[in-house]
Structures are given as C-alpha cells and as structure tokens.
Amino acid sequence: MGFWITQSLNSLALGGLLFILSAGFSLIFGLMRIANLSHGAYFMLGAYVGLTLLQKGVNFWIAALAAGAAIAILGGLVERIVLRQLAGRTLSQVLATLGIAFIIADACLWIWSGDPIPLTGPASLRGAVPVLGTHFPLYRLGVIGIAAVIALALWLLVEKTRIGAMIRAGVDDLDMARAVGIPVKALFTAVFCLGSALAGLGGVIAGPILSVYPGLDADMLPLALVVVILGGVGSLGGAVLGSIVIGFIYTFGNALLPDLAYVILFLPMVIVLVARPRGLFGRIPT
Amino acid sequence: MRYASSIAALVALAALPFALGNEYYVNLASQVLIAAIFAMSLNLLVGYGGMTSLGHAAYLGVGAYATAWLTLRLGLGPLGAGAAALAITTLMAGFYGVLALRASGLGFLMITLALGQILWGLAYRWVGVTGGDNGLSGLARPAPLGIDITGARPFYFFALAVFAVAFALVALFVRSPFGASLQGARDQPRRMRALGYNVWMIRWITFVLAGFWGAVAGVLYVYYNNFISPHALSLTQSAEVLLMVIAGGAATLTGPVVGAALVVVMKNVVSAYVERWTLLLGVVFVLIVMFLPDGLVPGVQRLYSRWRTRP
Amino acid sequence: MIKRLISRALSGVLASLALALSTAATAQNEPIRVGFLTVKSGALAAGGRQMEEGLALFLKERKNTIAGRKVELFTADTAGQPAVTKTKAQELVERDKVQVIIGPLAAFEALAIDDYIRQAKVPIISPSAAAEDLTQRKPNPWFVRAVGTSAQPMHPLGEYAAKTLGYKRVVTVGDDFAFGHEGVAGFQRAFEDNGGKVVQKLWSPLNVADYGTYISQIDAKADAVLIAFAGANGPRFLKQYREYGVKLPVIASMTSVDEGVLKNMGDEALGVISSGWYTAGIDSAVNKNFVHAVNQEYKADPGYYTVGAYGAALMLEEALKKVNGKIEDKDAFMKALRSAAVTNDPRGVVRLDDYGNPIMNVYIRKVERSRDGKLVNAVVKTYGGVSQFWSYDPKQFLASPVYSRDYPPAKNLE
C-alpha cells in the first residue's frame, strides 16, 4: 500500500513540475503556432540565473520570480528581433528557436562552467512530512501546490481578463482576431514573454529537485513536447491533464517496467499520435 | 548540356584528394560525402516532400548497427552485411512510414522524434545486441571488387562513387513525374487529391526512399568509423542533419551537400580554432534562417543573379 | 681503384653517421608533440575542463619541459561524440603529427578510436576512460591508462562493506550504462564473496528527470544503499535521498562523490563512504603539494579527472626519461610506457600491469567537513597495490564474461 501511495505522490509532484515546464510551451504554441524548441534552454537558463541569485543570498521566491522576469525579457527580445521577422513562416520560426537553443546552451556552459549544482530550496519547505502513512518530502508537496497556483492564475488570466479573451480569440481564429482589431503583434510578444517567464520560473522551482547542469535543456525539452502532445495544444486543461498523466506513466513505468525505462515516455506518445493525431484534447494543427 | 556542370563537379571531386595532400583532409572529405548522402536523404522528406522529421538519425543508426551486428555476430562479410542492412532498414522505414504518416505538420515531427528516441533508448538498453553505450567495435572495411579501402584515399573514392550514384538517382527521382507529384503533394495536397493522386502513397514511398538513402549513409558511416554507438541515433544527430538540409537549401539538389560541408567543417575544423564553436554554429544557423531562409544555395544563387543583372 | 672505393665508402659512412648524429641532435632539440583529446562542449565538459587543468598544472610545474625536451601541446575538443573523437584523433596524428596522445575522456570515445590507434600505432594514455575490457579482453598494444577500471575500487569496497561495516543486505542504485554496470558488478562480486547479499538492484537512466521513483522503491529493511553514479547524477540523487528522509547509510562509487562535484554539495553528502584510487585527503607530501597547487590555480580540490590527467602526464614523463627523451623510437617508448612505475604520483605508487592498467592504492573515504567548513573525502582505510583483478586469478577473471548489468548474476534478489 505504501508503495502505491508514495509513487502516486511522486507522480503528482512530477506532474506539477511538468505542468510548470510545459504550460509556457503550450501557451506559445497554441497562440503563435511556434513549437519553441528553445523552451528547455530557457528553463535551464532560468535555473542558472536563480542559482546565481540564491548564491548571493536572495530569498528563494524572489529569486524564482526574478529569474522568470529575466527570461521574460530575453524572450521578448528574441521575439522582436528574430521571430517577428519570420512571421508567417512557422518552420523557419521553429528552426530559429532550435538555433537559439544551441546558443543559450553553450552560453550557459561558458558562463557557469559545467559543474552540476543543486539549488537549495526555501528553508520553509525542507525535510519530509508524514503523509498517508509514508514520509514524503515537503518541497515536492510544495511543488504540487505551486503548480496548482500557477494553473489557477493562468486560468483566471485566460478566462477572466481581456488579454485572456484576446488570446483565446487568437487561438481560435487568428485572421478573424486581426480583423476585429486585436493587436496581434503586441499580443504575440506578450505571450512569448509570458511563456518564457514560465519556463524560467519553472527552472528555479524545479532546481531543488532536478539541480542544474549542462544537458538539462535537452533532458527537459522532450518531456515538455510529450506533455503538450498528449494533452493537446492551446488547451490549459489539456496541459494540466497531460502533465498528470505523464507524471503517472513516467513514475509507475520506471518502477514497474524498468526495462522500458529509456522509452517509457515515447511509446505512449507514438500510440496516442497514431490513434489520435491531434492529441488527447487538442488542436494540434495538422 | 546540363550534365556538363555535374561532370565538371565530379571531376573536381575526384581530383580533390590530390589537391588536399594531407590524409587528414581527405578523411574529412569522406565524412562530408557521407553526411551529404545523409542530408540528401532527409531532403527528400523535408525539402521535396514538405514533411519535417526530427528522427532521421534512426535510419543512419539502424543501417550502421545492422551492418555491424551482422558482421560481428553472424560473420557476414562487410559488403553482404551492408546489403542486408539496407534491406532491413528499408523495411523498418516502411513500417515507420505507416505510423508517422497518420499525422502531418507538428504531429509528424513529434512522431518521428518519438520513433527516433525509442530506437535510441533501445540501442542504449539492449546491451546484448547493441553493446549499450560502449557500442560495437572491431569492424573491418569491406573490399569491394577486391580493392582494399582501409586507406584514406581509396575509401574516399569508394565514398565518392556511392555519393555520385546517390546524387544521380536522387536527381532522377526529383526530376521524374513522381518527383513532380511529390512536390505537388507538398504544395497543394487537396488539389492533388482532387486530381486523383494517392497523396498518402506518394508520401509513403518518399518516406521509404528517404529511409533507404539514410541507411546507405549509415552503412558508409560504419565502414568509415569501424564503430557504432547510440550517439549516432541521438536527437542531436537528427537535429544536426535537419540543420544541414535547411542551412544548405531544402528542395534543392546541392543544398544538402553544401549544408553537410558546412556542419562537418564547423564541427571538426572550426572547433580547433574557436572554443565556443557550438555557439557559433547556432548563430550561423539563426542568421541563415533569418536572412537566407531558403538556404545557402538558393540565397547565393539569388545574390549572384542579382549581381549579374545589376544595372 | 680500390683506394677510391674505400675512400668513397668511408666518406659515405662518415656522411651518414654525421647525418644520423645531426638528425638525432636536431630531434633532441625539437619539441615533443603531445596530443590531448578532451571534451569542451556538452554534458561532459566539466570533466574535460578538470583534465585540462591537471595537464596544464603539470606542464607549468615542469616549465613545459619533460626529460630535457620541450612540449608542444595540441588540444582537441571531441564534443563527447565518438565520430568527432575519431576525426580529432586523426587530426592530431595526421595533421599535427603528435607522437603520443593523452585522452580521451569517455570509454565509448576510447572504443571508437581503438582501431585507428592500432592502425596508426600511436601511443595513447587515457586519463579517464575506465571501461573494463580496454585492458582486459580487448587490450590494445598502444593503449595504457592512468586510471583504473570501473570495478577496481569497488572490489575493496565490497569487502570493506561486508567485513568492516558489517552490512549483510545491500540495495544498489546505479546509472544504467556501462560504467554503472561495471562498478556495481565489482562491488556485488566482492561483497557476496564476503558473505553479503545484494537484495535489490535498481538502475536509473542516465538522463532521468527525477530520482523520486527509485528512492521510493528502496527496500527500507536493507542495511545500506550502494550508489554508482557519474557526473551530475551523484549530487542529484543524494539531495533527493535526504529529502525523502531515507535513513539507510550510503556507500558510493568514486565518481558519485568526487571532489569535482563535492564542492557544490551540502550536508546531504556527509557520512557517505566511498572508495577510489584518489582523494584530496591523502596524507603524503606529494599529494599535499599537489592539492595546494591545484587550489592555488583553480580554487578547488583535485578529483578524478584532474588527478587522472596529471597522472597520465607523470607516466609520460617516466617513460620519456627511460628512453632518454627519444620518443621517436616508438617501440622503445611504448615498451618503456608499459613498464612505467611512477613513484611521485599524488595517489601513491602507480605501476602498470601486463595489460596496461595501473596497480595502485585504493582508499576508503568518508565525506566530512574539514576545519574550514569544506566538504572533503577523508581517508579511512588504505588498500595497497590493488589491481584490476583484485584477489581473483587473472586467467579465470578473463575467461568469464565482462562485468555487465547481468554479470555476475544477482542470485540474492528479494
């Protein structure tokens, strides 16, 4: 019984982490149709920036928000300088993000050198607590909570604000949105900034669990892709459900089918895509 | 008359080893040829077919592993193993094609990525067959027609011969009615369907051909390196070959060759002089995507024709 | 007529003698060309950097002169890719005409260039590749290494865990790749030969996102957990291990708590007992000087990679001294290299066995805080003169399959 409870909690915690990682990706892809292949790199860069701030004694939460803000600025610059010039050519945009991923990854290696460094979590969330008969790290419960907060905040943004309405309009029908006067260019920049900020913030939040090391970006990107594919793009509910499902598949898959460990995520991805090419919920443009 | 430039290029390539002198550069040229075949194979999918794949390293990898395994475990001669490997990989491409073509656009990208990653994971994990991350080594080069190609120069000519045949066949394919229908399916699939073309079949055949030529590159790869490990199947490799195609010029015949030369030279030569060559590669790539979006070859051609027609 | 013949022959002999002497003399004045295969980009770059530092320190101390000859160093970045490693090896040999290579870093890189090294007949000293078969079932006459095999320090650890620490039932968690497999196999064999039982073996993929799944599976009733990780994974695992509040003591492979990663770790590493052929805490004059010098230059303690490269350079120096600097005589140099016995290595005395693998001390270490609050691996016990075969008969050892995930077979899993 303890096994099932602990692994379920592990799954939820991993799901929370995945949601924070992929929410930004899903948002950008949903509205702008750009598969931002530098998303993993932003995540890693956010973790490094957060690390530097933490090493200077900054409070964990402030460091996380600051890292998010820094990556948001970077994202905005990338969007204005590179992606906007390639408007309408999605393949080119995707490839440009691939090139940028190379650049950011090597720059991180240059600036922070290659040593792996764990981030220290906030003092308030240290240690393990008894939960349903097992001991579970408090920080991971915290991650579940943070993911829920972010999901709620995004839902409020998308459903209850004007910007959210504009985003939804854009996701549904971009040409029509332009036609009714929505400032699509500015919206794109804003959404790209938001998506990047989420990636950067995610890097710091995940830091105490994942640490930061060269290669973190390449390890995380496929996970974000899988979540978004499974959950469907442009759908917040899809991202949430996709994260949780992947969290469970990954955790229980690794525990029960260790021989499939290296392919545990990609098999379901292939199965889903072959059966339902638009994702479980979604609207992947095909 | 259009063959004059091809023949001239072939002669130049054949003369290259004598001009290069040092064996090291001849070996590098062989690697460029292998990468060029690999990039040409992906170009069939990406450039002419309009289907972007991020899992193409799978065909190079399986072609290479099959050759290695058949040689080491079943004792087949390298040439026989190579031929068998081509057959095996092409069959696999046929199967993968059926799965991957269920989707298109981003979905297709994702499926090809996932299929590639599954093979990569398999190569890592199935240690009994693949040797795991230590890979398979101790392979010998074949002796086609009895000629020993262990040396740099003989191998280069071998690779050049294969490359010339590959290039000619791909050119033939692209310029054939089938090639035209492929490009039609890329640009206007609905219209093609309305005209009665079986778009799925056109794409599937292309997929299989792309897999076949990818396998050819894989067999040459393992002949050249005498070694294969899971790194050849990684996502980085798939991304690199996509880079070669896009940077050189998708939907052109010579684009992938130029792109292959660019990446191989940057990785192996520039890295000796520039420590942050990965960063440089990323910058070059972004610049090409931004300013020469059709790739180097069409971009340079455009610049040249503009220069020629200057007032 | 005969006189002219004789005088011609004599002048011919004298001329060639003069030529030979002058070439030898000029050869002696020319620098020796050393190639260095390292990793500067990608995930392995940290280890590559440390190797570079070890080598740079050695050359600085020797003022760039070994056995009377200046050194010209050619550094190449393999990017951690086997195909690039081969090209770089070719670049070093064919373009830069190096006479000896130090490198590469990873086992798969060494395997990728194995054929080429045999063909090109270039002496190569690896400062880091630890794959068993490189000096066991597939030895290359031109290959020696300055570090041991993956299992070399794990055999003594297995014995120590059973006999000194008194553990009876141990869970192993390791990276699911060759280095992890071989390390755990060595531990398991020696541990079970001394009465212990490995009751659970967990393998995590190299790029696993999260160790929570594995930590939660650890049998809480075992006596200890053995971890065998490389690179970033040791710190990542240990941090999570402590977060889950698992109380079982941890014993570790050398790279899991290597000085290179230890410096960024915190309390999670305290008390971890590991074994390796080096620790910055070795109490000898040679090592104290070495550690001091590395700290001066690079502000960190030397670890696996730094001492590996430094040790490789020491071997090169030994061999070169034996042939009076004449590296041009390849066969003589290689012979000298294979019989090298280094007495001034920071690790203690290091000599090569018949297969090109070092016989050296293995130190059982414990992570503690030094007086200035730094985390260090303090020496707890020293096993002298450990070879890659431990106490097993080499012929029998080699007749069995190479260590892998399934060999030796785990007979005591629960």
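Distance between the 7 Å Cα→Cβ label points at C:Asn29 and C:Arg369: 6.0 nm. Per the accessible-area calculation with a 1.4 Å probe, the total area buried between chain A and chain B rounds to 3400 Å².
Projecting the Cα positions of B:Pro298, B:Leu119, B:Leu242 onto the charge dipole of chain B (unit charges on Cβ atoms of Lys, Arg, Asp and Glu, taken about the Cα centre) puts B:Pro298 furthest along the positive direction. In percent, how large is the relative contact order of chain C, given Cα pairs closer than 8 Å and 6 or more residues apart? Relative contact order, chain C: 17 percent.
Within chain B, the whole DSSP H helices whose Cα atoms reach 24 Å or more along their own axis and whose mean Kyte-Doolittle score is at least -1.0 are B:2-20, B:23-43, B:78-100, B:106-125, B:152-175, B:199-225. Annotation note: trypsin sites (Lys or Arg not before Pro) in region A:3-100 located in DSSP loop regions with a Cβ neighbour count of at most 11 within 10 Å are A:Lys56.
Here r is the Cβ-Cβ distance between C:Glu328 and C:Lys63 and R0 is 22 Å; the resulting FRET efficiency, rounded to 0.05, is 0.50.
Based on DSSP H assignment, which helices of chain A show an axial Cα extent of at least 20 Å together with a mean Kyte-Doolittle hydropathy greater than or equal to -1.0? Within chain A the helices that satisfy the rule are A:2-32, A:39-55, A:60-78, A:90-112, A:138-160, A:184-210, A:216-231, A:236-256. The Rg/Rh ratio of region B:2-236, with both radii computed over alpha carbons and Rh defined as the Kirkwood radius, is 0.99.
For the pair region A:31-66 and region C:204-281, the centres of their Cα atoms are 26 angstrom apart. Between B:Leu72 and A:Arg126, what FRET efficiency follows from the Cβ-Cβ distance if R0 is 56 Å, with the result rounded to 0.05? Taking R0 as 56 Å, the efficiency between B:Leu72 and A:Arg126 is 0.60. Residues of region C:79-107 with the amide nitrogen closer than 11 Å to a label point 7 Å from the Cα of C:Ala120, along Cα-to-Cβ, please. Answer for region C:79-107: C:85-102. Buried surface for the C/B pair, taken as the accessible area of each chain alone minus that of the pair with a 1.4 Å probe, is close to 2800 Å² in total. Between C:Lys381 and B:Ala171, the modelled labels are 7.3 nm apart [label points 7 Å from Cα along Cα→Cβ]. With all protein chains kept in place, the per residue accessible area of region B:2-236 amounts to 37 square angstrom at a probe of 1.4 angstrom. Under 5 Å between amide hydrogens, built in the peptide plane, is the criterion, and for C:Ala280 it picks out C:Asn377 among residues at least 5 positions away or on other chains. Annotation note: trypsin sites (Lys or Arg not before Pro) in region C:315-414 located in DSSP loop regions with a Cβ neighbour count of at most 15 within 10 Å are C:Arg371, C:Lys374, C:Lys411. For the residues of A:81-87, the average number of beta carbons from a partner chain within 10 Å of their own beta carbon is 2. Projecting the Cα atoms of A:Tyr213, A:Val184, A:Leu201 onto the charge dipole of region A:149-255 (Cβ charges, centred on the Cα centre) puts A:Val184 farthest toward the positive pole. Computed from the C-beta positions of C:Ala341 and A:Ile111, the FRET efficiency with R₀ = 41 Å rounds to 0.45.
Which whole-number value in Å² is the accessible area per residue of region C:117-262, probe 1.4 Å? Don't skip to the end; give the middle numbers.
Details: 3260 Å² over 146 residues.
In whole numbers, region C:117-262 has 22 Å² accessible per residue.
Our coupling estimate for region C:97-114, obtained by passing each phi through the Karplus curve with A = 6.51, B = -1.76, C = 1.60 and θ = phi - 60°, is 6, 6, 9, 7, 10, 9, x, x, 7, 9, 5, 5, 5, 4, 5, 5, 9, 4 Hz, Gly and Pro reported as x. The simple spin-label model puts a point 7 Å past each Cα toward its Cβ; for A:Ile81 and A:Asn59 those points are separated by 3.3 nm. Computed in the context of the full set of protein chains, the accessible area of chain A at 1.4 Å probe radius has 70% of its extent on carbon or sulfur. Straight-distance candidates among the aspartates and glutamates for linking to C:Lys168, with alpha-carbon spacing under 17 Å and chain neighbours fewer than 8 residues away dropped: C:Glu159, C:Glu192, C:Asp193, C:Asp219, C:Asp223, C:Glu414. When chain C is modelled as a GNM with alpha-carbon springs shorter than 10 Å, which of C:Leu111, C:Leu134, C:Leu202 fluctuates the most? It is C:Leu202.
In summary, the aspartates and glutamates within cross-link reach of C:Lys374, defined as a Cα separation below 16 angstrom excluding same-chain residues under 8 places away, comprise C:Asp258, C:Glu259, C:Asp267, C:Glu268, C:Asp301. Distance from the C-alpha centroid of region C:322-370 to that of region B:142-191: 51 Å, rounded to the whole angstrom.
Dipole of the protein assembly as shown, Cα-centred, from +1 at each Lys and Arg C-beta and -1 at each Asp and Glu C-beta, to the nearest 20 debye?
On the way: 84 positive and 61 negative charges, 338 e Å.
Charge dipole of the protein assembly as shown: 1620 debye, to the nearest 20.
Evaluated on the protein assembly as shown, the Kirkwood hydrodynamic radius is 29.9 Å, with distances taken between all distinct Cα atoms.
If you keep only loop residues by DSSP, which trypsin sites (Lys or Arg not before Pro) in region C:143-240 have at most 12 other Cβ atoms within 10 Å of their Cβ? Here the sparse-neighbourhood loop sites are C:Lys221. In percent, rounded to a whole number, the relative contact order of region B:2-236 is 40, using alpha-carbon pairs under 8 Å and six or more apart.
The values are calculated or read from the model by the stated rules, or taken from the named source; none is laboratory data. Remember, it's a predicted structure, so these values are computed and weren't measured experimentally. Note: ideal-geometry Cβ built from the backbone for every residue, glycine included; neighbour counts use all protein chains shown. What goes into the accessible areas is simple: the full protein's heavy atoms, side chains included, and nothing from ligands, DNA or RNA. Shrake-Rupley method; radii C 1.70, N 1.55, O 1.52, S 1.80 Å.
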